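> Pasting in a structure now, in structure tokens, and then I'll have a few things to ask.
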Amino acid sequence: MKLVDKSISLDELKKMSSRKFGTLVKAVVDIKKEIMVIDADLHADQEAYLLEKGSKQDDLWGINLYPDLKGEDFIEFDSMINVRPRLKNFSRGVKNEKIRQKIINVVNKLVIK
């Protein structure tokens, strides 16, 4: 697992993806602190790590990054940690467009393409 609070290169993401899942890197984004944790087997492990570091659960969202893809295909909004009925998010995706945009902004800020 790696905390990304400054930046990470696309090349580093590509290396990570080839070591674990072949084409993707799991990530959990803290939309308030504008950081993310990457490179773990489970989004739940990344979420637990960030919670231990003081993040609030409502600010944490699970995604998958596909470093070989571009545009909208680069980020996949799919994680069990995203199922949050109290926030009116009933699926593994992220239905709230404002939250999706915050996630995209954090990823674009942290990943150097």
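> Kindly provide the set of residues from the stretch 1-22 that are at pLDDT 95 or above and of a type in the set (Ser, Thr, Tyr), ordered by number.
Passing the criteria: 7, 9.
> What pairs can you find where one residue is in the stretch 101-113 and more than 16 Å from residue 60 (Cβ to Cβ), the other is among the aliphatic types (A, V, I, L, M) and in a helix (DSSP H, G or I), and their Cβ atoms are less than 9 Å apart, with a gap of 6+ or different chains?
111/10; 111/13; 112/10; 113/10
> So, one more: Looking at 49, 66, which one is aromatic (Phe, Trp, Tyr), within 18 Å of residue 110 (Cβ to Cβ) and in contact with a Ser or Thr (Cβ under 7 Å, 6 or more places away or on another chain)?
Within the list 49, 66, the selection yields 66.
> Can I ask one more? Report whether or not residue 99 is touching a Phe, Trp or Tyr at 6+ places or on another chain (Cβ under 8 Å), of a type in the set (A, V, I, L, M) and assigned to a helix (DSSP H, G or I).
In short, yes.
> Name the single residue, out of those in the stretch 54-96 being assigned to a loop (DSSP other than H, G, I, E, B) and in contact (Cβ under 8 Å) with a residue 40 or more places away in the chain, that is surrounded by the most Cβ atoms within 10 Å (Cβ to Cβ).
79
> Which residues, taken from the stretch 4-48, are surrounded by 14 or more Cβ atoms within 10 Å (Cβ to Cβ), in a strand (DSSP E or B) and over 10 Å from the mean Cα position of the chain (by Cα)?
4, 8 - these are the residues of the stretch 4-48 that are surrounded by 14 or more Cβ atoms within 10 Å (Cβ to Cβ), in a strand (DSSP E or B) and over 10 Å from the mean Cα position of the chain (by Cα).
The values are calculated or read from the model by the stated rules, or taken from the named source; none is laboratory data. None of these values were measured; they are calculated from a predicted model. Neighbour counts are summed over all protein chains in view; Cβ atoms, including those assigned to glycine, are modelled from backbone coordinates with ideal geometry.
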